[in-house]
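The values are calculated or read from the model by the stated rules, or taken from the named source; none is laboratory data. None of the values given here were measured: they were computed from a predicted structure. Every residue, glycine among them, receives a Cβ derived from its backbone with ideal geometry; neighbour counts consider all protein chains shown.
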Amino acid sequence: MLGGWALSTGDNASGGCNTQAVPGHNAANGEEVVLTGRILSTERRGNWEQLIELADTQDHTGGTYRMLLDSRAHEGLLPWATIKGARKLLAPGAEVQAVATAKPSDDGTLFLATKLILVGALPASPFLARLLSFGPDTLAEFFDTEKNTPETTYAALAYALRPAQIAQVRALSEFCAGEAKAGRFETLFKHEELRELGDSIREAQGWTRGPRVPKATSPATWAALERMEQRWCTECADETKFVVGTQTFVSVNTNQDVLLNTLANNLPNPKDSKRLEYICQRKRPQIEWMIGLIRKLLLAHKEENDVFQLVDVGGGRGDLAHAVAKYYGSSVFVTVMDINPTSLSAGRKLAHDHSTANMKFLLCDLSKLDAAVLPAHIDLVFGLHCCGGLSESAVELALRSQASFAVSTCCFRSNNHLASLTSMSTRKASPINGEETEDSTRKDLDAVTGLALIGGAKGHSRAIQAINSMRLQMAKEKSRRSLNTRLEWFPQAYSEQNCVMVGSLCPS
Ligand SMILES: C[S@@+](CC[C@H](N)C(=O)[O-])C[C@H]1O[C@@H](n2cnc3c(N)ncnc32)[C@H](O)[C@@H]1O
């Protein structure tokens, strides 16, 4: 049940609401509507609020909705904020149904959700494992069914996993909950029955592996992008000012097998063929490309360093760091910083197994960086796939240490709490037509960040460029020494969206 609406257990893929579709976009202020849609993107705003963009699956208008979940204001949303792991179920691709009230504004209608249930699962093993590991009482909260009627809950679960049968999902749910309780949650990802379930959902619901067709970029987003470009894309490229030095490295290990073996051995599951394919076709070329860039930046250093001190921000298991340490041998020392202890342990073990002595792994949260844990001197900060604000923390670390940087960016709406350069930019933005306020600059940024997330959308690369140019402008303003910056792009063949922010201090 959802605000009086019943969940259908039918097998169509267009949502569980058994009543007339409500044309949400025409809803009047305060009008209550029921929306069903697939999540396109989500943005967490503190502990209680989450902004969700939904693609309608109810009346097939092709429309999208912006919906705000404020769990503090509405009891019906509490499970999504308070049950551990629940928020991960509200992932792009999952289908939800919500009761919401409309709040029209000049930027389009925002829907304020009062209740939300899951009506379609993501057919990926980690998602299925997570969902199925919750016991019936918790599942009842996600489906808004009565706790004392597990049959109804399992029927709702079967609907979300259509074409699965009720008895099948009940058995799977009991099995997964047992495995999770016994500490074997991660083994579920490889479980044959979950894989088969994912395959059947994909087939029945028409999931395809092809790229999502992006919606047309709206005139308002274009206008926001153009304003951002006018503000930030003029001065950030110092192409001609980059210094190329003559220093040579003591040792460079160019053996390709070393790199591939190191990467393959660094996989959580080396037999995972899909992951291995990704490593070979995308990540390894990215790493090789980054190694070339790092080389150029180190060569630009004038000082005769015995050992270059490098830091890999958000380095995880240290895929890039291992490769850099192997390539440059004793000429460099690499410190991998990450907030995830499990990734760091895996990286540490690999370094030990390969006798890689010129690297170390440091557990730290970049939002609370303690100077005491940092190397006394840093020559270069790098980062591969630094999600959202983490890339800004990496640049900040470089500025603070007066180091060069090469930071690849992605996921432009995550780690907002680390986005210090972005916050600075909204205060510093100079007016384009004399009417801007801090608020309107923030709105432009919001629209452009949204565009930067939609691979294949018109203006996608320009949006990424505008955001990163803005970050680099702020870095230049903050830097105590004169800083040359530029943006570089990985070749399209192995990354459509990873742009690298590069900074090099002018020789003093
Ligand atoms: C997308 S992963 C990239 C990992 C690695 N660079 C690679 O390419 O495999 C982002 C990494 O940033 C780390 N991270 C996220 N927030 C962080 C923070 N506040 N401080 C340090 N590391 C963080 C995550 O744990 C994760 O390992």
Restricting the search to segment 302-322, which residues are touching a Cys at 6+ places or on another chain (Cβ under 7 Å) and in a loop (DSSP other than H, G, I, E, B)? 314
Could you identify the single residue in 103, 84, 115 that is of a type in the set (D, E, K, R) and either crowded, with 18+ Cβ neighbours inside 10 Å or in contact with a helix residue (DSSP H, G or I) (Cβ under 7 Å, 6 or more places away or on another chain) (or both)? 115
Give the residues of segment 402-420 that are within 15 Å of the ligand (Cβ to nearest atom) and either more than 19 Å from residue 292 (Cβ to Cβ) or without any contact (Cβ under 8 Å) to a residue 24 or more places away in the chain (or both), sorted by residue number. 410, 411, 412, 413, 414, 415, 416, 417, 418, 419, 420
Within segment 303-318, can one find any residue that is over 27 Å from residue 418 (Cα atoms), buried (at least 21 other Cβ atoms within 10 Å of the Cβ) and within 16 Å of the ligand (Cβ to nearest atom)? no
For segment 363-391, enumerate the residues that are of a type in the set (Ser, Thr, Tyr) and closer than 29 Å to residue 285 by Cβ. 391
Looking at segment 382-401, can you tell me whether even one residue there is more than 8 Å from the ligand (Cβ to nearest atom) and surrounded by fewer than 15 Cβ atoms within 10 Å (Cβ to Cβ)? no
Selected residue (criterion: farthest from the chain's Cα centre (by Cα)) from residues of segment 465-508 that are polar (S, T, N, Q) and part of a helix (DSSP H, G or I): 473
Would you confirm whether or not segment 363-371 contains a residue that is modelled with pLDDT under 90 and more than 15 Å from the ligand (Cβ to nearest atom)? yes
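This table checks each residue for (1) among the aliphatic types (A, V, I, L, M); (2) more than 10 Å from the ligand (Cβ to nearest atom); (3) outside any strand (DSSP E or B); (4) in the same structural domain as residue 295 (by TED's automatic domain parsing).
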{"position": "324", "(1), (2), (3), (4)": "yes, yes, yes, yes"}
{"position": "336", "(1), (2), (3), (4)": "yes, no, no, yes"}
{"position": "344", "(1), (2), (3), (4)": "yes, no, yes, yes"}
{"position": "352", "(1), (2), (3), (4)": "no, yes, yes, yes"}
{"position": "356", "(1), (2), (3), (4)": "no, yes, yes, yes"}
{"position": "360", "(1), (2), (3), (4)": "no, yes, no, yes"}
{"position": "377", "(1), (2), (3), (4)": "no, yes, yes, yes"}
Taking residue 134, is it within 17 Å of residue 83 (Cβ to Cβ), surrounded by fewer than 19 Cβ atoms within 10 Å (Cβ to Cβ) and not acidic (Asp, Glu)? no
Going by the conditions given, is residue 10 at pLDDT 55 or above, part of a loop (DSSP other than H, G, I, E, B) and of a type in the set (Gly, Ala, Ser)? no
In segment 154-205, what count of residues is obtained for those that are part of a loop (DSSP other than H, G, I, E, B) and either surrounded by fewer than 16 Cβ atoms within 10 Å (Cβ to Cβ) or free of Cβ contacts under 8 Å to residues at least 24 places away in the same chain (or both)? 5
Residue in segment 396-411 that is under 23 Å from residue 454 (Cβ atoms), assigned to a loop (DSSP other than H, G, I, E, B) and modelled with pLDDT under 90 present: yes
Any hit, segment 93-115, residues being in the same structural domain as residue 167 (by TED's automatic domain parsing), in a loop (DSSP other than H, G, I, E, B) and under 19 Å from the mean Cα position of the chain (by Cα): yes
